[in-house]
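None of the figures in this text is laboratory data; all of them are computed from the coordinates on show. No experiment lies behind these values; they were computed from the predicted model shown. Counting neighbours? That spans all protein chains shown, and the Cβs are built from the backbone with ideal geometry, glycine included.
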Amino acid sequence: MKDALSNVGLIAPQLATIGVEPFYQTVGDEVALFESAHRNHLPVLLKGPTGCGKTRFVEYMAWKLKRPLVTVACHDDLTAADLVGRYLIVGGQTVWMDGPMAAAVRAGAICYLDEVVEARKDTMVVIHPLADSRRVLPIEKRGELLQAPPNFMLVISYNPGYQSVLKELKQSTRQRFVAFEFDYPDAELEATIVRRETGIDAELAAKLVKFAAMTRNLKGSGLDEGASTRLLVHAGTLIADGIAPVTACRAAIAQAVTDEPEMLAAVHEMSSSIF
């Protein structure tokens, strides 16, 4: 194996460059805080419900700061090796392939770990030294300690509403980050976002937002989560394409938030009362 590694090469994943400004409507001081965190080499934690704009915000900031972006959708099988990299056999030779985190560090990119609590616990071994004053990524298989350049930034997100005993963000992790709390925007702003993203008129957008508020009131009373802004955009897109509002709401919202027949009927009835 040692002889095989004498011809080691390096393969890096491609980095995403945000060339066109993503639409993002500022809600508070999150843009200024993110810029300050980037200047001062501080990692950022975004917490909030699904579909409320966390990922769009990171894309917008990558565009604004003119930094490449590496996004990782975390899941139950994601390991530290998946993030850092591994050796592969390519053309009869053993070569090293950087994982997304290593590629982001080398490029001085923004590395975004979406829903980080879904990843396996061993991922924290590589996240922690990047998220404190050391700013290093240990690559044990290569015997390498990768120092993050000034432009590198680590961003993680999670949904506190889905936390459980087995999937919670420990204090040893949380207290390494500057935390931003996200939520659904107020009704007027959310209607503006839906109208801007879908092209539907103001009246329809306002009705969709009203419907979403009704479903969110059912959180904990039959629904795990109400309709997100993302789902409103999906429904608005279908409506803009000629689908009847009630039908669009059933497909894009009701069926997305629950499988329970009684709750489906209740949500469908709410949409019928509005449209």
Of the DSSP H helices in the chain, those whose Cα atoms cover at least 18 Å axially and whose Kyte score averages 0.0 or more: 202-216, 261-274
For region 133-206 versus region 223-274, the gap between their alpha-carbon centres in whole angstrom: 26 Å
Furthest towards positive pole of dipole, 198, 227, 238, structure part region 187-274, Cβ charges: 198
Only Lys, Arg (+1) and Asp, Glu (-1) charged, at Cβ; region 187-274 dipole about Cα centre in debye: 180 debye
Segment residue 260-residue 170, extension gain: residue separation times 0.36 nm, minus the distance between their alpha carbons: 29.1 nm
For region 4-181: Kirkwood Rh in Å [reciprocal of mean 1/r, alpha carbons]: 16.8 Å
Cβ-derived FRET efficiency at R0 22 Å, residue 189 paired with residue 269, nearest 0.05: 0.20
Residue-by-residue Karplus 3J(HN,Hα) for region 174-185, coefficients 6.51, -1.76, 1.60, Hz, glycine and proline x: 4, 7, 8, 10, 7, 9, 10, 9, 10, 8, 5, x
Mean Cα-pair separation over length for the chain, i.e. relative contact order, pairs under 8 Å, 6 or more apart, %: 20 percent
For region 65-113: relative contact order, % (alpha-carbon pairs under 8 angstrom, 6 or more apart): 49 percent
Rg over Rh [alpha-carbon atoms, Kirkwood Rh] for region 187-274: 0.94
Derived scalar couplings ³J(HN,Hα) [region 20-29; Karplus, 6.51 cos²θ - 1.76 cosθ + 1.60; whole Hz; x for Gly, Pro]: 10, 4, x, 6, 9, 9, 4, 9, x, 9
Charge dipole magnitude, Cβ of K and R +1, D and E -1 - the chain, Cα centre, debye nearest 20: 980 debye
Built amide H within the under 5 Å cut-off of residue 46, gap 5+: 156, 157, 158, 180
Under-5 Å amide H pairs with residue 85, H placed in peptide plane, nonlocal only: 99
Mean Cβ count within 10 Å, highest first, over the residues of peptides 213-224, 48-59: 48-59, 213-224
Selected from 28, 213, 81, residue furthest toward positive end of dipole (the chain; charges at beta carbon): 81
